[in-house]
1. Here is a list: D:Leu160, D:Leu177, D:Leu145, D:Leu171. Which entry is in a helix (DSSP H, G or I) and more than 10 Å from every other protein chain (Cβ to nearest Cβ)?
2. What number of residues within region D:348-381 are among the hydrophobic types (A, V, I, L, M, F, W, C), assigned to a helix (DSSP H, G or I) and facing another protein chain (nearest Cβ under 8 Å)?
3. Going by what's in this entry, would B:Thr366 be described as among the polar types (S, T, N, Q), at pLDDT below 85 and under 18 Å from B:Ala222 (Cα atoms)?
4. Out of all the residues in region C:59-78, which are more than 14 Å from chain D (Cβ to nearest Cβ) and among the acidic types (Asp, Glu)?
5. Of the residues that sit in region A:33-54 and are of a type in the set (S, T, N, Q) and surrounded by fewer than 21 Cβ atoms within 10 Å (Cβ to Cβ), which one is modelled with the highest pLDDT?
6. Is there any pair linking a residue in region D:319-332 that is at negative phi and hydrophobic (A, V, I, L, M, F, W, C) to one that is crowded, with 19+ Cβ neighbours inside 10 Å and assigned to a loop (DSSP other than H, G, I, E, B), with Cβ under 7 Å and at least six apart or on different chains, and which?
7. For residues in region C:151-171 being within 11 Å of chain D (Cβ to nearest Cβ) and without any contact (Cβ under 8 Å) to a residue 40 or more places away in the chain, which is farthest from D:Asn368 (Cα to Cα)?
8. Considering only region B:253-353, give the helices (runs of 4 or more DSSP H) lying wholly within it that have at least 2 residues that are buried (at least 22 other Cβ atoms within 10 Å of the Cβ).
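The values are calculated or read from the model by the stated rules, or taken from the named source; none is laboratory data. Quick caveat, the model's predicted, so the values are computed rather than measured. We place every Cβ from the backbone using ideal geometry, glycine too, and count neighbours over all the protein chains shown.
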Amino acid sequence: MLGKGLLQGLAVTAKNLVGSYHDPARYVTQEYPEVQPKLPEAYRNFPFLVSETADDPMGTLRCVACQICEKECPPQCIYIEKSKDKKPDANGKLQIYPAVFAIDTAVCMSCQICVEVCPFDAIKMDQEFAIAATDRFDGLLLNREQLAKPNAYYHQIHPTEASEVDARLAAERRAAEEKARLAAAAKAAAPKAAAPTAAAAPGVPAASASPGSIPPPGPPPSSS
Amino acid sequence: MILAAAPASPADAWLERAPVLLRDALTGWLPDALRPWVAALLSIATILGVFGLLFAYMTLAERKILGRIQNRPGPNRTGPFGLLQPFADAIKALTKEDIVPRAADQVLHFLAPVVLVALSLIGLAVIPFGRNLVAVEMEASVLYFFAAGAATELAIFMAGWASRNKYSLLAAMRALAQLISYEVPLLLSVVPVIVVAGSLSTTDIVAAQGGWAAGLWPHWHALTPWGFSAFAVFMVAALAESNRSPFDLPEAESELIAGHLTEYSGFKYALFFMAEYLGMAALSAMAVTLFLGGWQAPLAVLEFIPSYAWFGVKLLLLLLGFIWIRATFPRLRIDQLTRLSWKFLVPLALVNLINGGVWAATADWTGAAAVVRWFISALGVVVPFIFLARSLSAGYGPRTYRYASP
Amino acid sequence: MESPEALRDRLLARFPGASLELVANGSPSGQVSFRIDPAFLREVARFLRDDPELALDQCSNVTGLDSPDREVVETVKESQPGAPGGPPVVTERKQTRIAPGHLEVIYHLYSVARRHGPVILRARTGNRTDAVSLPSLTPVWRSCEFQEREVFDLYGVVFEGHPDLRRILMWDAFTGHPMRKDYVEPDDYEWEPTPHGDVLAKARRHYPSAAAPGAAQPSP
Amino acid sequence: MMLPDPASTGLARVRKIEGSALGLRTPAFAPEEGAGDLLEVSLGPHHPSTHGVFRMDVVLDGERIVRLKPVFGYLHRNHEKLGEGTSYLGSMPYTDRLDYLNSMTNNWAYAIAVEKLAGIAVTERAEYIRVILAELSRLLNHTCLAGFLMQDCGCSGTPLMYAFREREKILDLFESLSGSRMMCNFQRFGGCRVDPSAEWLAATRKLVDGYGAFLDEFEALLSGNEIVMARTQGVGRLPAALAVNAGVTGPMLRASGVGHDLRKVDGYGVYPRFNFRVPIGREGDVYDRYMVRMLEMRESISILDQALRGLPGGPILDPKSKQRGLRPKAGEAYGRIEGPKGEIGFFLVSDGTGNPTRYRVRAPSFVNLTILEDLCLGHSVADAVIILGSIDIVLGEVDR
Amino acid sequence: MSEAPAEASVPGPLSAEERDELRRHGILLTSVQELYNWGRSHSVWPLNFGLACCAIEMIAASMARFDIARFGSEVFRPSPRQADLIIVSGTVTKKMAPHVVRLWNQMPEPKYCIAMGACAISGGPFKQGYNVLKGIDRFIPVDVYIPGCPPRPEALLHGLVQLQEKIRQQPLRGPDAPRHLRSDLPCDATVPELGAEDIEPPFSPEIWKPPTLVRPDKA
């Protein structure tokens, strides 16, 4: 009969109109600025650099400026300059560090390939999405200082993943220490031990416990 | 002084008489010669004010109700509960740059929105908003109303043609087709009411619908079989006349961008918007007057509520219906639109004409005969509806589907 | 469906003059293809479509492929008459030659009716500059219409017999064929805060002032 | 409070301008002898119903279409050229942006092509996860399509809102699994990137169980609606023979009565293990295309149900597979799957280096548009809009 | 009110905090400038215009879960004549660029532009493509940049709130006045032509200056 379908349709909309006042399934709005979205743990938006501690982010960056992410980044939005000197990392080991590490969020597509290819667990995905700016270059080009965020923050946004990473890093560190100890033992057994290097290599295991022992990062490299 | 005793009839209640008393208080000190003029100006101002405000809040209500139907709140942060939203929109529209294409017909381009708003407004003059609340009483007020209303589509044509834009031109052609098709059923559906009420005056028609059967069943036209049919035809035609979904072909967004509005910006565009809502309100007010008993209360015991409040409630319910329909239905195609009119609404209205005539002729049937009268009238609605609906929906229908053999 | 070799033999028997070559595929996918003399392309295609056993009624994919001109180093043996009576002196000389490139169009055919495929056809143009025309297969399969237009647009293959051969993705006034390997993009370099080696070189070209002394430059 | 005269404050200014809004130059059209006054209209590239930046150059006789030429390329983002300069892994996130409603199926099609090219095996669990995600993607695509189609028919957003309400639920699943709502970048060569947790599977189960009820309500709103039927039945008829010859695939081909579904024909992945049917239409008009998708969603629910129940354990990525620095042997491969819009295929040519020498996307939306003019001729503008809507295009895929 | 324009030109006698305090108590309007800015900031009607992936998230932002209507911005106008805001949502190709600029020119003042997503800001992941415009700000003055690929609908809402805030802060006189009230700025943007190899000009010289190669962190 003509009109049956029309009435059926009207019934559906009426059900939704009434339902929006009592049925949460029919009133799905999340009022954004007041209600922040519940982001799932896996959510990714723009990368950040993991540093071990919050009080000295530049000194404890995990990144060793190997530039793999820069090469693999599909839209080529990462720019890294290696440092000319070495600096002790969180473990006290002398490492090359990124003198410049910039990510252009105006280009980044948050594909997380940089995270996948990073062998040092140094770059991870952030969950920050509200970074709209009125100026493109001041607001959207993130440099090393803006990108560095402490491991605690990583634990906060990706707890499961961060624990896994920490466990893996700890295991690696233990293995490295073990190896270093064996090497040191072997060298000690040998008549002449290269004492200075052997002492430097194992380093201080828990850097976060004694951040003061780490020398502050050098002055930012001037433009060549 | 006024509430000295309980009123003998609802017409004497203080609240009921408040608008009239207010008018008299405002004009009472004037010389007699001036008094009707000032009173008329006052009613114009009231209509403008009330319907201006109604327009503002109709837009908000539409946005909010549409929102609710679509499971969301709608505007809610401009002022408390979003109540200031229409004013923000008005300020923006007023201060927006006005763009006129150089190729456009400058005069018509400017005139179209003005004419449209004016024509949408003047129809309101003859609507009795309550007992004794009508701006202009005249003998042929129904005729006057439809004469004024018929010109609105012309204004849309003006807008579409003057813009010199291809989309606007298509919209103008559609508006004309719509005008020609839907004036006929609109008017035809009113004729039985005039026949039954025996008058062309809106106040008389409202008066004819007064009273209740057993105090429960009001004598509204829409509650009789022929009246219901006429009401339905009237409302469908009213939807088309006010270019509301599912008949919003002239400004069909998904096809013609904004149709005749494509070249309008700023305040002129706001005027079109206003005209659409005013036209919708005017036609709804006419439907209330003709079919829903005007300002009459639905139950005898509810008469203590002032008549204009009842009118307002009925008007708002009809407007809610407009919004509800808009939220639900897709749009018709232009050929289907005209076919719906010529092959369905017009024949239905014509048959209904006879039906209404029979009803008028059998007005003195009582008792068991009244039941027969009802039955005949119902038959006169249902049978043509079934036949016409069948021919209208020939070729369309639900289908069954097969599955591929693996 | 018959094996590719059987199909090749059948096609050769049906079209005696056609040069038909079975192109092997080094990848594990094993999708072999037939390279066909362009002169016979349309007839072969029509045969493949209408043959009741094959019934390749759907041309799923049309692809262009660019093989640019390349340098070939050849070792040329030259024999010169040596000392009288003695054997000729054979000298080996390395000689570079420009092997002309070509454009290739690849058609992936499937049968909807018989549910098999793909049969892959390939045809080559003579070179990349003037002999770039191939017969259009749009009269055989409608699905080639836009895809051939795309190959024309991006590779510059001219399809003879195409009903409406215009640029499809780029605008009409555009002159280049961007999918060719030697296409040079217009210099609309966007200043990038993250310049990489080659990007930086581009930047220097684009902003000559940057190379001027005194202007701050990022280190490469 | 009274506002000062806008002109004096400069708050508003009147501008007289040349040209008309949206006016575009259209190519000249020579009408045939005896034709009436014809109107050339350019629908798009900015038009509410072209589903993005697409243009139809239309010649109208009254409102009847006598010629229609689609114009492409307004979203030609050089996907294929970029693919030739990027590593095999690096192209994966780009495939997300082809048909941006269905990144999961694009990923799968690309992964299948690379797996064929490099001879990579896929683990059993990953195959099931791929099926689950592809069917969720199909639900998402068809739901959104129905919403957009009804928007084109002139609905004031309500069906689209309901469709997007459900879409958000599916996107929540995608997001909690892959980390992104739309650009999942999820499939890897030889498997998937993340193993779904038990909670994720439970959430998916909940969605699948509730989806049928949503479809019922959605169909109550639309499928039996007289206006919808009047608008869509008999409009844009596509004969089966033309559909096959023009390379039309997916629900559009099936609506024309050809039971061609790559999930059955190619039997890729683990689809042969599932019991499902392929709905086909009779008329091949817009209504059939809409209904076939509706019915397909019900089959997808059934596949999801079976896949969730039969999901095996094990690794999600073939341990022998390589992602970064993949260098397949020289050769070529064409891999295709049944995407929600039709056959989506990738043709890759390798020369043994880390980048493909040719990276070609066989986009279903693009090929399906071949017959757009045939479908629209003789119909009105309003019909052309819904015919385009029923073809279900995404411009990212059409123009690539 | 005769003193209204004068009031508009100078900052009101009240400090911002006092004004906020008043506003909390429901006393809203203190000057024409504020009324004007309040009106246009709460009635930003976007153009119904989408380019690519970001357009889907833009649509999602107007749908039930996010509901851009709460800010009074759900009135997506199909015609540029009635729109206040163009959300450039997606990759602007060179073929499309003239149309986008023309749409911008067709919008009446005051008008705003949001560049949504990486592609609209800089060409994003596709910036190496031959047919991709490297940032819509080469032709159109952009008010708010929203990075992301695509930005979440919440990010778009965040951008919209920023735009509203920006509108509310605009003085109507002086060098910081909005563009449409300044006679020294052009009314229309340059519409590029499709040339033989590239669009001509590749950028609008009045709006965009090619930046010098100085990295911000080193300048």
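1. Details: D:Leu160 fails: more than 10 Å from every other protein chain (Cβ to nearest Cβ); D:Leu177 fails: more than 10 Å from every other protein chain (Cβ to nearest Cβ); D:Leu171 fails: more than 10 Å from every other protein chain (Cβ to nearest Cβ).
One residue alone meets the criteria, D:Leu145.
2. So in region D:348-381, the residues among the hydrophobic types (A, V, I, L, M, F, W, C) come out as D:348-349, D:361, D:363, D:366-367, D:369, D:371-372, D:375-377, D:381.
Then keep just the ones that are assigned to a helix (DSSP H, G or I); that gives D:366-367, D:369, D:371-372, D:375-376, D:381.
Still in the list and also facing another protein chain (nearest Cβ under 8 Å): D:366-367, D:369, D:371, D:381.
Within region D:348-381, residues that are among the hydrophobic types (A, V, I, L, M, F, W, C), assigned to a helix (DSSP H, G or I) and facing another protein chain (nearest Cβ under 8 Å) number 5.
3. no
4. Restricting attention to region C:59-78, the residues satisfying the condition of being more than 14 Å from chain D (Cβ to nearest Cβ) are C:69, C:71-78.
Result: C:Asp69, C:Glu71, C:Glu74, C:Glu78.
5. So in region A:33-54, the residues of a type in the set (S, T, N, Q) come out as A:36, A:45, A:51, A:53.
Keeping just the survivors that are surrounded by fewer than 21 Cβ atoms within 10 Å (Cβ to Cβ) gives A:36, A:53.
Numbers: A:Gln36: 87, A:Thr53: 81.
In this case the residue turns out to be A:Gln36.
6. From region D:319-332, the pairs are D:Leu326/D:Tyr88; D:Leu326/D:Leu89; D:Leu326/D:Phe189.
7. Here the residue is C:Trp171.
8. B:253-256, B:266-291, B:307-328
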